[in-house]
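Here the structure comes first, spelled out in structure tokens, and everything after it is commentary.
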Amino acid sequence: MEFFSKINLILPEIAILLFIGIQLFLSFFCDASKYKVSKWISILGIFISAALCSKVQIEPICYAFNNSVISDSFTMFFKLFILISSFLLVFLTKRALAANRSNAFRFNALFLTNILGALVLVSANDFLTMFLALEIVSVSSTFMLAYDNGYFSKESALKFFVISLVATAIFLFGVAYLYGISNSFNFSEIYEFFDDKQPTLLYSMAVIMIVSGLSFKIGILPFSNWIVDIYEGSSTSILGILSIVPKLALFGILTRLLVFPLSYSYELTFVLVLIATLTAIWANLLAIRQRNIKKLLACCVSANSSYVLFSAALVSVYNLSTVLFYLISFVFMYIGVVAAIVILENSPFSNKLYEFKNFAYTNPIFTLCFAICILGLAGIPLTSGFVSKIYLLSAIVRSGLVFLPFLIIIVLTIVVSMYYYLNVIRYMFEKSDKVESAVVAHKTGSSIIILYFCTIITLILGLCPEKVIELCQLIAYNV
Amino acid sequence: MENSLSILALIFSPLIAAILLFLPIFSGKVVLIRRFSKAFASLHFAYSILFLVFFNPQIEGGINYLSEFSIAGISWIKVMGIKMMFGLDILSLLLVILTSFVFLIALIVSKNSIKTKFKFYYSLILFLETCMLGLFAARDMFLFFMFFELLLIPIYFLISLWGEEDNSKTTAMQYVLYTFLGSLFLLVGILLLHAYNFIVYESLTADFSEIIVKNPDFPLFMQIIISILCLIGFAIKMPIAPLHSWAIDTCKNAQMPVAIIMNTVMMLVAGYGIVRFNIELLPEAFVYIAPILAIFATINILYFLFVAFAQNDIKKIVIYSSMSSAGIILLGLSSMSFLGFSGAIFQMLAHTILFAGLTLVVGIVCMRTKTSDICELGGLGHVMPRLMGFALIICVALIGTPLMVGFEGRFLTFLGSFNTTIDNYDVWYKVCAVLSILSVFVCASCILKFLHKVFFANVFEKYQIDTSVADISNHEFLVLLVIVVAIIIFGLFPMSILDLVETFVENLVYVLQV
């Protein structure tokens, strides 16, 4: 009977699963001309799933299904956050769907599967559930990458798949070691097992293996080279989905892992700090030479992940709240930029920066919004990027003087990042003789609304972030 | 009366004016845009003078017009104790008035130098004004930092879009990256100060007047680290000798109105920051740092003047001599004496007035003759007699002639540095002072070289024929007249300023001695 009494904990997932079924079912009956229906079904599914989140019990912390699923305010925060961001991202898929109409329903089914995996991943409380969810996310990501027409998307999907397998193998290796030591897969049990013991070298090795396996997904160094290659091959909206939904879920589970079962290893903290610093250097330096805005975004995601990882590695309630706030502000700015690029793809501009010339003079309002999102990523005041930057750095400063040299390196890389963000704006303000008054707003109504929405959120979070930060602190305190 | 003056209106009205410029009334009407901005700037200057009239130095701590900007009653980032708190003490007030004055000048003289994208230009200048005012009026470390960083954006566009040379975009990028680097060091310093203040006193605040570092629990090495990190930021902004390479290209590329802003108030930002952070917040560390800073100041004063003497480009002469003049402010601040501080604050005023004038003169010459090479110029006194008259007065004041505004600041600074009472270091400071006094000769030769080559000597024939090389127009005359009057009035009555800042300076000296 326990199964049915606890079923409310996974209601959002069940809703999503139901809609995956609907999408697949319809894919047999609807022909290519009805491809737009699939988008609205996805939107409905995400909406219902988000609405069902209100039925989920989060107080007090609730475990279910043999302790394999956890539900508290932290998981609820990430679930809602994933659903909201995917709700925004669905509207950007219009062009990708139109390019491959006959597969629109299957694509949306894959998208919902990705969300399902992300939702389960966030609420996982043992390594088996986590592994399952991780694989759902990876496999659906692979096929989404391959969805686009053309050679490059297939190539990037294959690359992604192979590297993902290697990373998963390393992750499983670490989990197996951990199981060997503690005789359990469950996070809470592992945490309690090591409570009164001196952590051994084997434990540290296992922990580092687990984290480096996971680092593949968030684009952190050992397995981060794929990120740039893949970003070139696929269409922007798919990349937007792939760089937001799985990453949010990964950070959700990673912070939980760092707080509970992996928290006894000091080696891990230093390894993570080191990796984060190296990634920040690598990603920002790589971005300098990129002239393709999609590749530039890839580096930007990687760099921002490394800042978040830095703060998350130094576990404390305060740091956790900064991680949450940074993710919130980053996701909205990033979706804004993705929306802008999607709009650009619909007009005669390509992804090359030098084609943005003259842009500020023909589309002033669009340029303003785009510039605000970009400058927000660079951490310029009045945007949420500034607040999240000082909030995150303050957490690192509080963690101790030992990390000051790393902090200075991170700060230097932020200066480097300023260069390439500003470069985008520089090109938009450059004059060229080619008079091409491309007004981009037509036929892309939903994307431009998303862009405006994200810009407004970015400004609001920059000017009065107080309530959101309080929410983040409350959630971090409850973990 | 005091409550009816709103400091928020003072700070944010330029921003509102900048936004108003995008209203449909202004579309395509250049003259209207220009007149609106000028009228607004004049009103703003008058309004800022009112703040001085109703200033009450008897208030506890000397901070008048305290007021917080909050949306729906919530502080900005309350969790970190960060508030958008504005307030003016006498130093901030002086700098606010100077800023308002300089922007008024810059807006008036923009007429001839700006030829394209008027609306965007004027709104950027007004936006920049809000940033500067907010920076000087901020009572919160993070708010100060926010404006410090926000400055970069308007300046980036002002230089890259209206730059005079082909490489203006690269130059603007260089400026932004260089200053952004400095500002992030400042950020790390501020964050450390904030964190340690929390650890030692358990009070979460970033307010300048609530942070008290004087406590044995607050480790001295930490104070010194924070002080140095902040100084790196200010050294780039000022700029201090090895970190100045951005300033040359930037100011050379900037249009005249932008160059006026960059050469005057922008250089005071760093001096103001040193007073706020390094002296007021971290006095114990400043005692250790000041002697080294004095060396840097001396190098600044002398080295830049020698470089200026060797230049053939008149714009570069202005930039180098203005950096040297900023060095005098730094020397005054590092002398840690009553006279030194008074001299530094007076020099801030003198620097602003004099270099606004000199940049304007040089800008007019370059605009008319379309060259800044000193070998191509000569005898302009024949074709531009009125400009020469003003240039003469400004240059004489710059050299440091008594009874003019350039004299008192230097005199007090050198005197303060010479008579410093710090143990162990008095010889050190005396050497610095003596070396700096040498700068008066170099400065004289440098400025006289400029005067001689540009205005005297034989006139080139091309300038006699060319009708575009005309004497100054009416609005330029007006601005130069105001500047010259200010030079003479403050030169004759320096006590008008020195009396105002006396309590403030006494307080600074007291903070350092305890």
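The values are calculated or read from the model by the stated rules, or taken from the named source; none is laboratory data. Quantities reported herein were computed from a predicted structural model and do not represent experimental measurements. Backbone-built Cβ (ideal geometry, glycine too); neighbour counts: all protein chains shown. All accessible areas refer to the heavy atoms of the entire protein, side chains included, with ligands and DNA or RNA removed. Shrake-Rupley method; radii C 1.70, N 1.55, O 1.52, S 1.80 Å.
Residues in region B:117-129: is at least one modelled with pLDDT under 90 and not in a helix (DSSP H, G or I)? Yes, region B:117-129 has at least one match. Within region B:244-259, at least one residue is closer than 26 Å to A:I409 by Cβ, more than 14 Å from chain A (Cβ to nearest Cβ), open to solvent by 10 Å² or more (accessible area, probe 1.4 Å) and not basic (K, R).
Applying the condition of being open to solvent by 60 Å² or more (accessible area, probe 1.4 Å), outside any loop (DSSP other than H, G, I, E, B) and among the aromatic types (F, W, Y) to region B:408-432 and asking which residue is modelled with the highest pLDDT yields B:F411.
In region A:400-427, of all residues being within 7 Å of another protein chain (Cβ to nearest Cβ) and under 22 Å from the mean Cα position of the chain (by Cα), the one that is nearest to A:V308 (Cα to Cα) corresponds to A:I414. Within region A:450-477, residues that are farther than 30 Å from A:V342 by Cα and in contact (Cβ under 8 Å) with a residue 12 or more places away in the chain have Cβ atoms under 7 Å from residues that are part of a helix (DSSP H, G or I) and open to solvent by 10 Å² or more (accessible area, probe 1.4 Å) in these pairs: A:I469/B:V79; A:Q473/B:V79; A:I475/A:S73; A:I475/A:F77; A:A476/A:V317; A:A476/A:L320; A:Y477/A:V317, counting only partners at least 6 apart in sequence or on another chain.
Within region A:313-351, restricting attention to residues that are under 17 Å from A:V397 (Cα atoms) and open to solvent by 10 Å² or more (accessible area, probe 1.4 Å), the residue that is nearest to the chain's Cα centre (by Cα) is A:Y326. Is at least one residue of region A:349-371 more than 14 Å from chain B (Cβ to nearest Cβ), on the phi < 0 side of the Ramachandran plot and at pLDDT 90 or above? Yes, region A:349-371 contains a residue that is more than 14 Å from chain B (Cβ to nearest Cβ), on the phi < 0 side of the Ramachandran plot and at pLDDT 90 or above. Do we find that A:L254 is hydrophobic (A, V, I, L, M, F, W, C), modelled with pLDDT of 90 or more and closer than 21 Å to A:I82 by Cα in this structure? When the stated conditions are applied, A:L254 passes them. Counting only residues that are surrounded by 23 or more Cβ atoms within 10 Å (Cβ to Cβ) and not aliphatic (A, V, I, L, M), which one in region B:132-148 is nearest to B:A39 (Cα to Cα)? Ranking the candidates gives B:G134 first.
Would you confirm whether or not region B:258-267 contains a residue that is of a type in the set (S, T, N, Q), modelled with pLDDT of 90 or more and assigned to a loop (DSSP other than H, G, I, E, B)? Checked region B:258-267: at least one residue is of a type in the set (S, T, N, Q), modelled with pLDDT of 90 or more and assigned to a loop (DSSP other than H, G, I, E, B).
Can you work out which of the residues in region B:356-382 that are closer than 18 Å to B:T264 by Cβ and either over 24 Å from the mean Cα position of the chain (by Cα) or not aliphatic (A, V, I, L, M) (or both) is surrounded by the fewest Cβ atoms within 10 Å (Cβ to Cβ)? For region B:356-382, the residue satisfying everything is B:C366. At least 2 residues being closer than 27 Å to A:T455 by Cα is the threshold, and among the helices (runs of 4 or more DSSP H) wholly inside region A:1-103 those reaching it are A:35-52, A:73-90, A:94-99. Residues that are among the aromatic types (F, W, Y), open to solvent by 10 Å² or more (accessible area, probe 1.4 Å) and within 20 Å of the chain's Cα centre (by Cα) within region B:160-204 comprise just one, B:Y178. If you check B:I483, B:I497, B:I437, B:I472 for being out of contact with any strand residue (DSSP E or B) (no Cβ under 8 Å at 6 or more places or on another chain), farther than 24 Å from B:M323 by Cβ and of a type in the set (A, V, I, L, M), only one passes: B:I472.
Among the residues of region B:154-177, are any farther than 25 Å from A:L393 by Cα, more than 9 Å from chain A (Cβ to nearest Cβ), outside any loop (DSSP other than H, G, I, E, B) and without any contact (Cβ under 8 Å) to a residue 24 or more places away in the chain? Yes, region B:154-177 contains at least one residue that is farther than 25 Å from A:L393 by Cα, more than 9 Å from chain A (Cβ to nearest Cβ), outside any loop (DSSP other than H, G, I, E, B) and without any contact (Cβ under 8 Å) to a residue 24 or more places away in the chain. If we keep just the residues of region B:104-143 that are over 25 Å from B:L281 (Cα atoms) and small (G, A, S), which is nearest to the other protein chains (Cβ to nearest Cβ)? Filtering region B:104-143 for residues that are over 25 Å from B:L281 (Cα atoms) and small (G, A, S), the one nearest to the other protein chains (Cβ to nearest Cβ) comes out as B:S123. Any residue at all in region B:193-200 that is more than 15 Å from B:M80 (Cβ to Cβ), away from chain A (no Cβ under 11 Å), not in a loop (DSSP other than H, G, I, E, B) and not acidic (D, E)? Yes: region B:193-200 contains one or more residues that are more than 15 Å from B:M80 (Cβ to Cβ), away from chain A (no Cβ under 11 Å), not in a loop (DSSP other than H, G, I, E, B) and not acidic (D, E). Applying a threshold of 9 Å to beta carbon distances and a minimum spacing of six or more residues, or different chains, the list of pairs starting in region B:444-460 at a residue that is under 21 Å from B:I301 (Cβ atoms) and polar (S, T, N, Q) and ending at one that is part of a helix (DSSP H, G or I) and modelled with pLDDT of 90 or more reads B:S445/B:L305; B:S445/B:F309.
So that you can scan it fast, the table gives a plain yes or no per residue for (1) among the small types (G, A, S); (2) over 19 Å from the mean Cα position of the chain (by Cα); (3) within 14 Å of chain A (Cβ to nearest Cβ):
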position: B:A46; (1), (2), (3): yes, yes, no
position: B:G62; (1), (2), (3): yes, yes, no
position: B:L66; (1), (2), (3): no, yes, no
position: B:A72; (1), (2), (3): yes, yes, yes
position: B:I82; (1), (2), (3): no, yes, yes
position: B:F86; (1), (2), (3): no, yes, no
position: B:I90; (1), (2), (3): no, no, no
position: B:L95; (1), (2), (3): no, no, no
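Set side by side, the residues A:A313, A:A371, A:A360 differ, and just one is closer than 25 Å to A:P246 by Cβ and of a type outside the set (D, E), which is A:A313. The set of residues in region B:1-18 being surrounded by 12 or more Cβ atoms within 10 Å (Cβ to Cβ) and either touching a Cys at 6+ places or on another chain (Cβ under 8 Å) or not hydroxyl-bearing (S, T, Y) (or both) consists of B:L5, B:I7, B:L8, B:A9, B:L10, B:I11, B:F12, B:P14, B:L15, B:I16, B:A17, B:A18. Residues in region A:426-461 that are open to solvent by less than 60 Å² (accessible area, probe 1.4 Å), modelled with pLDDT under 90 and either assigned to a helix (DSSP H, G or I) or not polar (S, T, N, Q) (or both): A:R426, A:Y427, A:M428, A:F429, A:E430, A:A438, A:V440, A:A441, A:G445, A:S446, A:S447, A:I448. Within region B:485-500, the residues that satisfy the criterion of being part of a helix (DSSP H, G or I), of a type outside the set (S, T, N, Q) and open to solvent by 20 Å² or more (accessible area, probe 1.4 Å) are B:V485, B:I488, B:I489, B:F490, B:L492, B:M495, B:L498, B:D499, B:L500.
Among the residues of region B:212-240, those that are more than 17 Å from the chain's Cα centre (by Cα) and open to solvent by less than 10 Å² (accessible area, probe 1.4 Å) comprise B:V213, B:F218, B:M222, B:Q223, B:I226, B:S227, B:C230. A single member of B:I71, B:I108 is open to solvent by 10 Å² or more (accessible area, probe 1.4 Å), in contact with a Cys (Cβ under 6 Å, 6 or more places away or on another chain) and of a type outside the set (G, A, S), and it is B:I71.
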